[in-house]
Amino acid sequence: MSNQDFRSGRDKGGNSQKTDANGLRAFLAEIRSRHEPSAVTFLCIGTDRSTGDALGPLTGSALSACGFPHVIGTLASPCDASSLEARLAEIPESHVVVAIDACLGQPQSVGSFLVADEPLLPARSVGLSLPPVGNYSVAAVVNAIGPKPYATLQMTSLHHVMAMAGQIASAAAEAFGLAADAGANRAYGWPFI
């Protein structure tokens, strides 16, 4: 785990755990065991205007294609820094929120996920102060932190980001019992609409 994850705002020693796709599946299965799927909203944060930050909208589109009924933040309707607070108002108070976002970390953490039973702080790497979001959080380490975080996000491999978004969506679909639907949608390629 990195000393500081600039997108999620967690410091070393916090509640977050570094994991791979299998650990992510177990984390999401635990959420499913605690909550009715109809009361879970996936909040996928990011923009389609930056390859590194496109993880959220790519994941949201894939989750929607899998059949999840409550997804905020897709390629067609991203949930970014400028719309986050308004989009949060769309979530029913009774819902549990799983916040998903990209982050930058140490080189050895790239490709892993930071999961936690706590909120994340979006847009921290670009110097914005947004409210903490989510009852649970998944931060995907898409690239190594550098001296210019915004530029690093802009130059992150889209292939790598798409693969990580696919891992999150597949893990969620399997954990919530939608694995058959996820497999069927993969046969048609990525859900870009």
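All other residues with a Cβ under 11 Å from the Cβ of residue 77 taken together, and with Lys, Arg as +1 and Asp, Glu as -1, what is their net charge?
-2
Just name one of 74, 105, 89: the one whose Cα is farthest towards the positive end of the charge dipole of region 58-136 (beta-carbon charges, Lys/Arg +1, Asp/Glu -1).
105
Taking H placed 1.01 Å from N in the peptide plane, check which residues at least 5 places from residue 40 or on another chain put their amide H under 5 Å from its amide H.
Here the answer is 96, since their amide H atoms fall under 5 Å of that of residue 40.
When you count, for each residue, the other Cβ atoms within 10 Å and take the mean per peptide, how do 128-141, 43-56, 97-110 rank with the highest first?
Details: 128-141: 21.0, 43-56: 24.9, 97-110: 23.1.
The densest-packed peptide leads the list: 43-56, 97-110, 128-141.
Add +1 for every Lys or Arg and -1 for every Asp or Glu among the other residues with Cβ under 10 Å from the Cβ of residue 134, and state the total.
Computed value for this residue: -3.
Largest first, how would 18, 148 line up by accessible area (1.4 Å probe)?
148, 18
Quick one: what are the phi-derived ³J(HN,Hα) couplings along region 48-65, Karplus 6.51/-1.76/1.60 with θ = phi - 60°, whole Hz, x for glycine and proline?
Rounded to whole hertz, the list is 8, 9, 9, 4, x, 7, 6, 3, x, x, 5, 5, x, 5, 5, 4, 4, 5.
Given contacts defined as C-alpha pairs under 8 Å and at least six residues apart, what's the relative contact order of region 49-135, whole-number percent?
Working: 82 pairs, mean separation 21.3, N = 87.
For region 49-135, the relative contact order is 25 percent.
Given the Cα atoms of region 22-137, and with Rh set as the inverse mean 1/r over their pairs in the Kirkwood sense, what is Rg to Rh to two decimals?
Checking Rg against Rh, the ratio lands at 0.93.
The values are calculated or read from the model by the stated rules, or taken from the named source; none is laboratory data. Quick caveat: nothing in here was measured; it's all calculated off a predicted structure. Heads up, the Cβs are rebuilt from the backbone with ideal geometry, glycines too, and the neighbour counts pull from every protein chain shown. To get the accessible areas, we keep the full protein, side chains included, count just its heavy atoms, and leave off ligands, DNA and RNA. Shrake-Rupley method; radii C 1.70, N 1.55, O 1.52, S 1.80 Å.
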